[in-house]
Amino acid sequence: MNSLIENKEGGRVTLKVTIPAEEFNRYFNEAIKKIAREHNFPGFRKGHAPKPIVIAHLGETYILTEAASLAISKTYTDVVKENNVKPFGDPEYDIVQVESDKDFIYTIKLEVLPEIKLPEYKGLKAVKKVHQVTDNDIDNVLQNMQKRNAQLIAIEDRDVVEKDDYILFDFKGFIDDEPFEGGASENYTLKIGSNSFIPGFEDQLIGKKIGEEEKVQVTFPADYHQETLAGKEAVFKVNIKEIKKEELPAIDDELAKDVSEFETLSELKEKIKTDLEETASNNANQELENELLDRIVSAADFEVPPTMVELQLNHMLQDFKSQVEYQGISWESYSEHSGKTEDALKEDFRPNALKVVRNYFVLNEIAAVEKILVTDADLDQRYAELAANYQIAKETLRDYYEKNNRVEDLIYDLTTQKTLRFLADNATVEEEKIASDSKD
């Protein structure tokens, strides 16, 4: 058997294989024996029909086709190994010549894993920009805590609704004088101006009085998530029961006790500062790692297998469709209102899909060269972290990953993290402090 690479382009390889006539005749005879075992021939027990009978009944072309199939299946592995290619996906076969007493010639078209020529990836110069935590950052966190612990106090000296008021009210919606599902509620609290209701609804409540039944007319948006209501005109009967204002607690030791395990505001501030600094450090490390990877991948020389890009595109599309449907919007409705087909979205995703695949190959190659491996201890630590996040037992989480064949996903994620950390640890890094309000 002789084989050679006939063509190599765009992540695809075509191999041409020639099996000498004498060797192919052996496959021809083997095919006859196989056919004799699988078919009934009058006057002969299964598997005992002689060669001339098999040829006479089924024809030489049929047997040549079976012989070709046998030859291909039994030589494929050796051909791939002989030409030092790493196939990906399913091969395509094309028979060039198959005739009795002649050389058998066929081609194999393969997508192959790329041969990656890595650029220099150690000792790269980079700047790690760490955002400096300021008193203003700490104050912002405290103000958010203050807002989350605000109380709504009834307004006693006014009975007319104004913007930014909170109202307690009942409402019931009608379309064509008929109530509709999900269109009614009692003792509902709404902030006027929050834009949490249908456009125009809240504005029409400004100036309304407590205790008076009012009507609000609105039109549901054309892209409303509930398709049966999209674009419909509706009338809501509303009854305002109470007008309230937001009262914020003081930012003091009492607030610290209410929102944390600390006794004093000073202790809470220190904890907030520590958390913000840890977040800033993690973000800076991630930005540094991503910058280094982008530079390495841009300089790496290799061709990406088209099938891998398509697989990534399909994965991204399915994720996107799941997100749309999670919001209560059917895919058909989204596609109709956005004008985006699946193919159009995949083209939108293509640059990012290509980047993801290129990143994968480069990280995988660096991990192989540097022998970066995930240990049992690494896995155990990750199980412990995830179990703590989900507040379940570590062994329960481990069983879930093992039973659902998800362990390889964890190993891939950990390998990626360790490889990115390796790149950062082996870079020449200068740290730069950046103010939180900086545009850099």
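Quick notes
- Listed values (i) 15, 31, 32, 15, 7, 0; (ii) 26, 59, 15, 1, 0; (iii) 24, 56, 19, 0 include one computed from this model; for P(r) over Cα pairs in 20 Å bins from 0, in percent that value carries the label (i).
- On full extension, the segment bounded by Asp301 and Asp253 gains 11.3 nm, given 0.36 nm per residue less the C-alpha separation.
- Taking each residue as 0.36 nm, the span from Gln143 to Lys355 lengthens on full extension beyond its C-alpha to C-alpha distance by 72.3 nm.
- Cβ charges +1 (Lys, Arg) and -1 (Asp, Glu), total dipole of segment 293-440, debye: 80
- Placing unit charges on the Cβ atoms of the charged side chains and taking the dipole of the chain about its Cα centre, the candidate lying farthest along the positive direction among Asn136, Leu110, Thr416 is Leu110.
- Distance from segment 239-287 to segment 103-136 (C-alpha centre basis), Å: 41
- Asp170-Glu270 pseudo-label distance in nm [points 7 Å out on the Cα-to-Cβ vector]: 5.4
- Span-like helix ranges in the chain, DSSP H, alpha carbon extent 18 angstrom or more, Kyte mean at least -0.5: 60-82, 306-326, 342-369, 407-425
- Net charge dipole size for segment 151-247 [Lys, Arg +1 and Asp, Glu -1 on Cβ; Debye, nearest 20]: 100
- For segment 362-440 versus segment 26-93, the gap between their alpha-carbon centres in whole angstrom: 49
- Each Lys and Arg adds +1 at its Cβ and each Asp and Glu adds -1 at its Cβ; summed about the Cα centre, the chain shows a dipole of about 2360 debye.
- Take every pair of alpha-carbon atoms less than 8 Å apart whose residues are at least six positions apart; their mean separation over the length of the chain yields a relative contact order of 18 percent.
- The residue among Gln226, Gly173, Val216 whose Cα reaches farthest toward the positive pole of the charge dipole of segment 151-247, with charges on the beta-carbon of Lys, Arg, Asp and Glu, is Val216.
- When segment 333-440 is described by a simple charge dipole with +1 on each Lys and Arg Cβ and -1 on each Asp and Glu Cβ, the residue from Tyr360, Ala427, Thr341 located farthest towards its positive end is Thr341.
- Overall form of segment 192-236 per C-alpha gyration tensor (a/c, 1.5; a/b vs b/c): prolate
- The chain - mean residue ellipticity at 222 nm from DSSP helices (-39,500 (n - 2.57) per run, n ≥ 4, rounded to 500): -15500 deg cm²/dmol
- Cα→Cβ-extended label distance, 7 Å offset, between Arg12 and Glu186, nm: 6.9
- Extension gain for the segment Asp378 to Arg158, taken as residue separation times 0.36 nm less the Cα-Cα distance, is 72.9 nm to one decimal.
- Within a Gaussian network of the chain (alpha carbon springs, distance under 10 Å), most fluctuating of Val141, Val80, Val54: Val54
- Among the listed pairs Lys147/Lys321; Lys8/Lys418; Lys51/Lys74, those beyond 32 Å (Cα-Cα): Lys147/Lys321; Lys8/Lys418
- Percent of Cα pairs in segment 1-128 per distance bin of 10 Å, from zero to the largest separation: 12, 33, 23, 16, 8, 4, 3, 2, 0.
- Rough spin-label spacing in nm, given labels placed 7 Å along Cα→Cβ, for Gln391 and Thr65: 6.5
- Semi-axis lengths (Å, descending) of the ellipsoid that matches the C-alpha gyration tensor of segment 151-247: 25, 14, 11
Values quoted throughout were computed directly from the atomic coordinates according to the rules given, and no laboratory measurement underlies them. Quick caveat, the model's predicted, so the values are computed rather than measured. FYI the Cβ positions are ideal-geometry reconstructions off the backbone, even for glycines, and counts take in every protein chain you see.
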